[in-house]
Amino acid sequence: MALNNDWFTEICAVSGSAFSLKVTEKLHQEQTPFQWIEIYETEHFGTLMVIDGFIMLSDYDNFLYHEMMTHPVLFTHPDPEQVLIIGGGDCGALREVLKHREVKQTIQVDIDERVTRLSERFFPALCEANSDPRAELLFTDGIQWIRGAAPGSVDVIIVDSTDPVGPAEGLFSAAFYRDCFNALGDDGIIVHQSESPLIHQQLIRDMRNAMGSAGFSQQLTINFPQPVYPSGWWSATLAGKKETLTHFRKQASQSKSFPTRYYNHDIHLAAIAIPEFWKQLSV
Ligand code: SAM
């Protein structure tokens, strides 16, 4: 929603708060079969993608989210070779995953091809790994696709979805997590973006319960800053079959062979720390 022509504003009704960015130009808008996509140029945050009125990413700060959705889970799995991304059509998570040399194949399943085509046009840096021979891009519903995945065929599933409304609603259900559980090997781990740790605690609790009832014995919610999302503070929830998810490949993380702008070994340790108020809420 634009308050006036110079600002894009996203209202977060549940917290009675709003976040605005000063925009210089609307670059594109279209209704796809799935969602309403807008692209803006902003004064300080670079290019901005908005879906159904909710900010997806900006040039300026998407590295925080994309690095934290990928590197913690990939350094937690003992040997991540087969990776599946559900959603993630902007391709920023895909680029980070492919920085890991041990990854042999990454399949990305986004329901809306237009998100990827617009990202190629307006966020070319995020799409620079799309032609990597290890990457396969599919455009179909991730909820249906995972039902047909071969049992035990995936090491890591990254659910880089929109909020739990519209086509993404079913991605937060126990039935979907059960299909993910079946597709994952014994060491398999899923990570799903889990909204604001300040505003959306009930959603995080519901997600963790759904993951538990799907068979995952371990859950871990990590947190990190994300200025363009409600409250400026975001989370991702990991679930695994047996590994204690706070244990990660510390040496590999410390001596990683690729550049990052936020993630490093110490950030990983900080992100898995449990804030006091989560303990009281048993999030
Ligand atoms: N980082 C963003 C956030 O948290 O707001 C998410 C970015 S990414 C653009 C979200 C993607 O999820 C979109 O491209 C959308 O098309 C995709 N998506 C939504 N529902 C889906 C489904 N059922 N299967 C596959 N992809 C889906």
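So which residues in segment 245-273 are hydroxyl-bearing (Ser, Thr, Tyr) and not in a loop (DSSP other than H, G, I, E, B)? Walk me through it before giving the result.
So in segment 245-273, the residues hydroxyl-bearing (Ser, Thr, Tyr) come out as 246, 253, 255, 257, 260, 262-263.
SER253 - this is the single residue of segment 245-273 that is hydroxyl-bearing (Ser, Thr, Tyr) and not in a loop (DSSP other than H, G, I, E, B).
Applying the criterion of at least 2 residues that are within 12 Å of the chain's Cα centre (by Cα) to the strands (runs of 3 or more DSSP E) found wholly in segment 16-107 leaves 54-58, 82-87.
Okay, residues lined up against (1) of a type in the set (Lys, Arg); (2) out of contact with any His (no Cβ under 8 Å at 6 or more places or on another chain):
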residue: PRO33; (1), (2): no, yes
residue: MET49; (1), (2): no, yes
residue: MET56; (1), (2): no, yes
residue: ASP59; (1), (2): no, yes
residue: LEU64; (1), (2): no, yes
residue: PRO72; (1), (2): no, no
residue: ARG101; (1), (2): yes, yes
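So which residues in segment 102-131 are out of contact with any strand residue (DSSP E or B) (no Cβ under 9 Å at 6 or more places or on another chain), charged (D, E, K, R) and within 18 Å of TYR65 (Cα to Cα), if there are any at all?
Step one: of segment 102-131, the residues out of contact with any strand residue (DSSP E or B) (no Cβ under 9 Å at 6 or more places or on another chain) are 102, 117, 120, 124-125, 127-128, 131.
Now restrict to residues that are charged (D, E, K, R): 102, 117, 120, 128.
Across segment 102-131, the qualifying residue is only GLU128.
When segment 148-175 is filtered for residues that are in a loop (DSSP other than H, G, I, E, B) and either without any contact (Cβ under 8 Å) to a residue 12 or more places away in the chain or acidic (Asp, Glu) (or both), the ones remaining, listed by number, are GLY148, ASP163. Summed over segment 77-102, residues that are under 22 Å from HIS268 (Cα atoms), open to solvent by less than 10 Å² (accessible area, probe 1.4 Å) and not hydrophobic (A, V, I, L, M, F, W, C) total 6.
Of the residues in segment 137-144, at least one is in contact (Cβ under 8 Å) with a residue 24 or more places away in the chain, in a loop (DSSP other than H, G, I, E, B) and near the ligand (Cβ under 10 Å from one of its atoms). Considering only residues that are among the charged types (D, E, K, R) and within 14 Å of the ligand (Cβ to nearest atom), which ones fall in segment 52-85? Passing the criteria: ASP52, ASP59, ASP61, GLU67.
The values are calculated or read from the model by the stated rules, or taken from the named source; none is laboratory data. This is a predicted model, so every value here is computed, not measured. We place every Cβ from the backbone using ideal geometry, glycine too, and count neighbours over all the protein chains shown. Ligands, DNA and RNA are stripped out before the accessible areas are found, and what is left, the full protein with its side chains, is counted by its heavy atoms. Shrake-Rupley method; radii C 1.70, N 1.55, O 1.52, S 1.80 Å.
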